[in-house]
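Below is one structure, written out as structure tokens, with a few remarks after it.
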Amino acid sequence: MQSQKFIKAPLAAVVAILCSAAGVQAQESSAEIKSLEEVVVTGRAGSSALQKAEASYAISTLNSDALAAANPQSTADVLRQVPGFWVESSGGEASNNIRARGIPRDGYSSIALQENGLAIQHDGGLGYLNADQSFRLDETIERVEVVRGGPSAIFASNAPGGVVNFISRKPYDATESIVKVEMGDYGHTRIDGFYGQPVGEDMFFSVGGFYRQNDGVRDPGFTANDGGQVRLSLGKRLEEGELFFDLKHMNDTVAFLLPIPLTTDSNGDVAAVPGFNANYGTMMGPEVEHNVYRNLGNGYDFNLGDGTHTELTQFTFTADHRLGEWDLHNTFRYRVSETLRNGLFPTGSLQSAEERLAEYSAMLGGIADLSIRFANDPSATFDLENNAGNGLVLNGNLLSVDVPLDEMINDVRLTRTFDMGEQQHDVAFGIYYADFEYDFIRYMATAMFEVAEQARLLDVVANIGGQEIAVTEHGILRYGSLYDNVHGTGETTALYASDEWQVNDQLRIDGGLRYEMITLGGSVEGKHVVDLQQSASLADDQFITGNGEFTAIDREYNEFAWTLGMNYQFSDDLGAFARYTDSFRAPSTADFNGSPQRTDLRVEPIKMMEGGIKHTGEKLDVFATAFYTHFDNMRFTDWVFDSINNEYTSKTAYGDTETLGLELEALFRANDMFDFGLAATFQSPEYKTFSFTEASGEVKDYSGNQLIRVPEMSYRGTAGFNLLNDQLRGELVMEHFSDRYADTANTQELPAYTTWSLSMRYDLSEQMALQFNGHNLTNEIGLTEGNPRAGQFESADAGKEFFMARPILGRSYTASIRYNF
């Protein structure tokens, strides 16, 4: 197959690189510490120190310098430096998507975000509550460790694709103090700070956080991102252990960016529709920033300026203690949060105003005299053929979801290292426990918009016998077009064990087991449709609301996962590893939000294999991993919005997926002045079997198609240079992503694209530095998703002149000054 050749070619290149590297004479490296010599703590439970070179799984590490140089604009952006992860960070500073090794799951439902080894949120894909909404990167974080696949599913729940561990600064030995002020060309101001100092010989205290405000690269006409967080930490070294306390409070608002109207130019390239800027435009605007919409009471207060607003308080306590020949490690975390997600979700497909009026005429029994007006300026003339330069209209859902979450997580384990003859075993036995409850309260109104930046609301008016009848009210086509009222609970107890067996100086074998017991509960309110009879328009005639009758959620799942891996060191600077993992992804409480009695939810078995080689030298470091991922009975749901009836319809189907791929990390140090880094992924992600029968009896078969929104090839090259006696450090970054598809049928292509970014850091002194970052320097219009609400099985936008899709953010610049004192 062509895809297999696609994988074999890069693999042959890696072997050639390693062979040639063996002949390079030893020279002084510009890096003080080679990456493979780093001690890693993620993806294992053992008590002995483990270097990256000794790990039997793929792991990437990012230190504070790497994070500062990249200056990521979101949590998802951090992972752009890691191979194997397809990152969609076009949604703004939060609520983005990560797909690991071809796993076609949205949000963070296949990887776990951790702080200091414990999950930030037990279920990272808990229905409108992505884990990245609960985390912001700031100067309190010292480094990041990222495990791809491997043993992640043994030591973390809901993490078949990997674990991302953010590790805090612990200034036990010296005072650390940082102040950074950053400005950007999109009304951006950010202040970061960190102060930590030893208290006596065996304690430290630290405080840090940030505050940020900006209009967003896509300016909605109001403040898009506003807020910050603060963290207090206290550590105490014991004679044989450690105590660590951490308290974090976040109060932050970020805009959620969604698809925008696009077209193609004469060359077939993606372009903006007339009157819209694809790099900086958004449909959000002042007209929908703050309104009160009809409901059964006094109205629903909807504020788009709230965006995704998270208020969170999190307490963490970690205790390490020596118990004879055993080590006890316990981490406890409690969080209480409330996340409000308000957004403007474009729905359906773009239409000309004349086409839309024809549809409404047919719906209203053939009424011919229909007109469109601006909802907030009825006297202004709406140009049917060329309003905003395009004459197009679009429906949009003004959606509000409130998700309070109360969660407790505890992970306790006993570890011991012992010798059996000349061999060493590092064993661990652990219990993981998580208990949470949340509410899911959703309200939605559907409106009609012009197609323009900061779009205005439109009204449709019918003239019958000289009497005007309003089809809409203040732009609203339907109040209460979606409703949910859910109280959910979840309890997970997992027993796990592992053994890292050092057979001899060269061979290390490790294995792990996890048995997970999951109980899901709660209740879901039923729904019915009522006529509010509050408006003379049709907008409140079909209002969905609760009926006061609740149905219980009551499900249990007991599942087993295991892994076996090995690492062989040919020499201090060359090793190889291999691993097999059998894991699963169980249903989430959120899967029952809309239908508590559904019986089609199944545990999804996952099989993963990987094998890799690791080389470190004076000139070249290489970490190459071949991987295979197979999902059985994976559930796919297609939610399509009907723009005539203003309601969602859905269908669910099951299929198997398979991905064969190669990940490559490399760093070449030419001399003290120049280095080049590469992070690349080559893969063949496909639906192994995926067919179903439509209600009409038509059989759809998408077997063999490329997985939705996952590229076959992506790579990131970083050319770094050091000048002026190392006072100036610059990095030019090129990223390329191959073609993808917005739908399972592979009918709507998301074209390949390439971006360029620049980072410059100048050290004014040992304490003070200036930094400049430029993102997407060429203003590339790179599409990361199509219009999911037009169909993810088969997109209704495919082949159309005008379509909806979500591009990356346009060119932006930031500059900062950082002072360490």
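Residues being of a type in the set (Ser, Thr, Tyr), part of a strand (DSSP E or B), touching a residue at least 12 places away in the same chain (Cβ under 8 Å) and touching a strand residue (DSSP E or B) at 6+ places or on another chain (Cβ under 8 Å) are represented in the stretch 150-172 by at least one member.
Matching residues to (1) more than 30 Å from Asp739 (Cβ to Cβ); (2) touching a residue at least 40 places away in the same chain (Cβ under 8 Å):
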| position | (1), (2) |
| --- | --- |
| Gly228 | yes, yes |
| Glu240 | yes, yes |
| Phe276 | no, yes |
| Glu287 | yes, yes |
| Gly307 | yes, yes |
| Gly324 | yes, no |
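The residues on offer are Asn485, Asn504, and the sole one that is crowded, with 18+ Cβ neighbours inside 10 Å and in contact (Cβ under 8 Å) with a residue 24 or more places away in the chain is Asn485. Residues of the stretch 436-485 that are β-branched (Val, Ile, Thr) and either within 21 Å of Met804 (Cα to Cα) or over 29 Å from the mean Cα position of the chain (by Cα) (or both): Thr446, Val451, Val460, Val461, Ile464, Ile469, Val471, Thr472, Ile476. Being out of contact with any Phe, Trp or Tyr (no Cβ under 8 Å at 6 or more places or on another chain), assigned to a loop (DSSP other than H, G, I, E, B) and farther than 20 Å from Ala68 by Cβ holds for only one residue in Glu794, Glu766, Glu780, and it is Glu794. Close Cβ contacts (under 8 Å, 6 or more residues apart or on different chains) running from residues in the stretch 361-375 that are closer than 14 Å to Gly466 by Cβ to residues that are in a strand (DSSP E or B) comprise Ile367/Ala462; Ile367/Ile464; Asp369/Ala462; Asp369/Asn463; Asp369/Ile464; Ser371/Val460; Ser371/Val461; Ser371/Asn463.
Annotation: of all residues in the stretch 752-783 being of a type outside the set (Val, Ile, Thr) and touching a Gly at 6+ places or on another chain (Cβ under 8 Å), the one that is farthest from His188 (Cα to Cα) is Tyr753. In the set (1) out of contact with any Pro (no Cβ under 9 Å at 6 or more places or on another chain); (2) hydroxyl-bearing (Ser, Thr, Tyr); (3) under 17 Å from Ala58 (Cα atoms), the condition left unmet by Thr563 is number (1). Looking across Gln542, Gln467, Gln533, one residue alone is in contact (Cβ under 8 Å) with a residue 40 or more places away in the chain and of a type outside the set (A, V, I, L, M). It is Gln542.
With respect to (1) out of contact with any Pro (no Cβ under 7 Å at 6 or more places or on another chain); (2) modelled with pLDDT under 95; (3) of a type outside the set (A, V, I, L, M), the lone exception for Thr318 is condition (2).
Residues that are touching a helix residue (DSSP H, G or I) at 6+ places or on another chain (Cβ under 8 Å), closer than 23 Å to Lys607 by Cα and of a type in the set (D, E, K, R) are absent from the stretch 650-669.
Within the stretch 592-623, the set of residues being free of Cβ contacts under 8 Å to residues at least 60 places away in the same chain and of a type outside the set (D, E, K, R) comprises Gln597, Thr599, Leu601, Val603, Pro605, Met609, Gly611. Taking the listed residues Gly184, Gly216, Gly208, the one that is under 18 Å from Asp246 (Cα atoms), crowded, with 18+ Cβ neighbours inside 10 Å, in contact with a Phe, Trp or Tyr (Cβ under 8 Å, 6 or more places away or on another chain) and at pLDDT 95 or above is Gly208, with no other qualifying. Please determine whether any residue of the stretch 715-732 is within 25 Å of the chain's Cα centre (by Cα) and among the β-branched types (Val, Ile, Thr). Within the stretch 715-732, one or more residues are within 25 Å of the chain's Cα centre (by Cα) and among the β-branched types (Val, Ile, Thr). So, in the stretch 677-723, of the ones that are of a type in the set (S, T, N, Q) and part of a loop (DSSP other than H, G, I, E, B), which residue ends up surrounded by the fewest Cβ atoms within 10 Å (Cβ to Cβ)? That would be Ser696. Being in contact with a strand residue (DSSP E or B) (Cβ under 9 Å, 6 or more places away or on another chain), polar (S, T, N, Q) and at pLDDT below 95 is the requirement here; does Asn705 meet it? It is false that Asn705 is in contact with a strand residue (DSSP E or B) (Cβ under 9 Å, 6 or more places away or on another chain), polar (S, T, N, Q) and at pLDDT below 95. Elements of the type strands (runs of 3 or more DSSP E) sitting completely within the stretch 408-516 and holding at least 1 residues that are within 24 Å of Thr42 (Cα to Cα) and charged (D, E, K, R): these cover 423-450, 476-502. Inside the stretch 545-563, residues that are surrounded by fewer than 19 Cβ atoms within 10 Å (Cβ to Cβ), over 23 Å from Leu405 (Cα atoms) and in contact with a Ser or Thr (Cβ under 8 Å, 6 or more places away or on another chain) make up a count of 1. Scanning the stretch 537-579 for residues that are in contact with a strand residue (DSSP E or B) (Cβ under 6 Å, 6 or more places away or on another chain) and assigned to a loop (DSSP other than H, G, I, E, B), we see that the one that is farthest from Glu647 (Cα to Cα) is Asp573. What's the number of the condition Pro151 fails, among (1) more than 24 Å from the chain's Cα centre (by Cα); (2) closer than 19 Å to Val39 by Cα? All conditions pass for Pro151, except number (1).
Among the residues of the stretch 294-327, the one identified as among the basic types (Lys, Arg) and either part of a loop (DSSP other than H, G, I, E, B) or buried (at least 18 other Cβ atoms within 10 Å of the Cβ) (or both) is Arg294. Considering the stretch 374-408, the residues that are surrounded by 15 or more Cβ atoms within 10 Å (Cβ to Cβ) and of a type in the set (S, T, N, Q) include one that is nearest to Leu118 (Cα to Cα), namely Ser400. Across the stretch 777-789, which residue is surrounded by the most Cβ atoms within 10 Å (Cβ to Cβ) among those that are touching a residue at least 40 places away in the same chain (Cβ under 8 Å) and over 13 Å from Leu262 (Cβ atoms)? Out of the qualifying residues, it is Arg789. Here Asn267 clears all of (1) in a strand (DSSP E or B); (2) surrounded by fewer than 22 Cβ atoms within 10 Å (Cβ to Cβ); (3) not aliphatic (A, V, I, L, M) except the condition numbered (1).
I'd like the full set of residues that are surrounded by 22 or more Cβ atoms within 10 Å (Cβ to Cβ) and acidic (Asp, Glu), limited to the stretch 219-258. Within the stretch 219-258, just Asp252 meets the criteria.
Of all residue pairs spaced 6 or more apart or on separate chains, those with beta-carbon atoms under 6 Å, a first member in the stretch 670-685 that is within 20 Å of Phe85 (Cα to Cα) and a second member that is in a loop (DSSP other than H, G, I, E, B) and aliphatic (A, V, I, L, M) are Pro685/Leu707; Pro685/Val710. Filter the stretch 93-106 down to the residues that are surrounded by 24 or more Cβ atoms within 10 Å (Cβ to Cβ) and part of a loop (DSSP other than H, G, I, E, B), then identify the one that is modelled with the highest pLDDT. Among residues in the stretch 93-106 that are surrounded by 24 or more Cβ atoms within 10 Å (Cβ to Cβ) and part of a loop (DSSP other than H, G, I, E, B), the one modelled with the highest pLDDT is Glu93. The set of residues from the stretch 351-386 being part of a helix (DSSP H, G or I) and either of a type in the set (Ser, Thr, Tyr) or in contact with a helix residue (DSSP H, G or I) (Cβ under 9 Å, 6 or more places away or on another chain) (or both) comprises Ala353, Tyr360, Ser361.
The values are calculated or read from the model by the stated rules, or taken from the named source; none is laboratory data. Not measured: the values here are computed from a predicted model. In this analysis, Cβ positions are derived from the backbone assuming ideal geometry, glycine residues included, and neighbour counts consider all displayed protein chains.
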